[in-house]
Amino acid sequence: MTYCVAMSLKQGLVFVSDTRTNAGMDHISVFRKLYRFSVGHERTIVLQAAGNLATTQSVIAELKEGIAKGAKKNLYNVSTMFEAAELVGETIRNVISRDTCELTKNVALGCSILVGGYIEGDDARLLDVYSEGNFISATIDTPYFQIGETKYGKPILDRIITFDTSLEDALKCTLVSFDSTIKSNLSVGYPLDLLVIDKVNKIEYYKRIKGTDPYPVMIRNTWGDGLKKVFHELDEFIFDDTPLTDADDGILM
C-alpha cells in the first residue's frame, strides 16, 4: 500500500508521496512513488503512483522509453496537461492489457496515477488517472486528490484545505495527514518525497523527508499532544438520567 496527496491551489501545486511498499509483514521495501519530468521552464509534469508496483513501474518505464526514443507523443512534446493525462491513461491500459493472462487473472494489476504540473501556454492542472485510463480534474471546489491508503489522512484535509489555502499551510496540513496515516497503518511510511511548484514566484522545491527529521518529529509530538489536550477540554457526555429496566429487555436486539 502507499499514500499520495496532490493539491492544485491558487498559489501553486503540492505533491507528497510516501515510499513504503510491502508484500507482507516480512517484506517491506522503499520505492519512489513520485516522478518529475521537466524541460527547463517550459514544462514540469509530476506523476504520483499507487497500486500494483509492477504495473506502476512498467508505466513509468514506458513513459521514459517514449521520451528516450523520441516517440511521436511523449511527455516532453504533448501540448497540454490534458494530453499528458491522456498519454498516461493510454499507457496504463496498454501495460495492464499486455500483462493480463491466465497466470495473472487473480492478481490485481490496477493502479492510479496523479498527473500534475504545467506546460507553457497551458494552465497548471492536476488530474487523477484511473486504471481504466480515464481521468478527472481537480477544481476550485475539489482542489486535492488522494490515492492509496486515503481514509486516515482525509479528515484533516477536508477541514483545512481550500483553493485559497497558502502553500505553507497546505504543506503543514499534508504532513499532518501523513502523520495520521502512518500512525494508523503500517503499510505507509517514511521517507516522504515532497515537491512544490510555486506559480507566483516561479520556483520549484523538492525535499525527501525522513521520519527522524526535526519537522515530522515536531508534528508527531505537537499534534498528538494537541489532540489529547483538546479532547480533554471537550464537555463530558451526559447520560440520560433514566436507567434501563427489565421492561427494556430486547431494546438493542
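The values are calculated or read from the model by the stated rules, or taken from the named source; none is laboratory data. Because the structure is predicted, anything quoted here is derived from the model rather than measured. Glycine also receives a Cβ, built like all others from the backbone with ideal geometry; neighbour counts cover every protein chain displayed. Calculation scope for accessible area: heavy atoms of the full protein, side chains included, ligands and nucleic acids excluded. Shrake-Rupley method; radii C 1.70, N 1.55, O 1.52, S 1.80 Å.
The test for being part of a loop (DSSP other than H, G, I, E, B) and not β-branched (Val, Ile, Thr) does not hold for Glu204. Looking only at residues of region 106-153 that are free of Cβ contacts under 8 Å to residues at least 12 places away in the same chain and under 22 Å from Ile96 (Cα atoms), we find that the one that is surrounded by the most Cβ atoms within 10 Å (Cβ to Cβ) is Ile136.
Taking region 96-128 as the range and being modelled with pLDDT of 95 or more and either part of a helix (DSSP H, G or I) or charged (D, E, K, R) (or both) as the test, the residues that pass are Arg125, Asp128. Thr212 versus (1) among the polar types (S, T, N, Q); (2) open to solvent by 90 Å² or more (accessible area, probe 1.4 Å); (3) part of a helix (DSSP H, G or I): which is the lone unmet condition? Unmet condition: (3). For the subset of region 87-105 comprising residues that are open to solvent by 30 Å² or more (accessible area, probe 1.4 Å) and among the hydrophobic types (A, V, I, L, M, F, W, C), which member is nearest to Ile203 (Cα to Cα)? Filtering first and then ranking leaves Ile96.
Residues that are in contact (Cβ under 8 Å) with a residue 40 or more places away in the chain and either over 20 Å from the mean Cα position of the chain (by Cα) or surrounded by fewer than 19 Cβ atoms within 10 Å (Cβ to Cβ) (or both) within region 52-86 comprise Ala54, Val78, Ser79, Thr80, Phe82, listed in sequence order. Looking only at region 5-14, residues that are over 17 Å from Pro216 (Cβ atoms), open to solvent by less than 10 Å² (accessible area, probe 1.4 Å) and not small (Gly, Ala, Ser) come to 3 in all.
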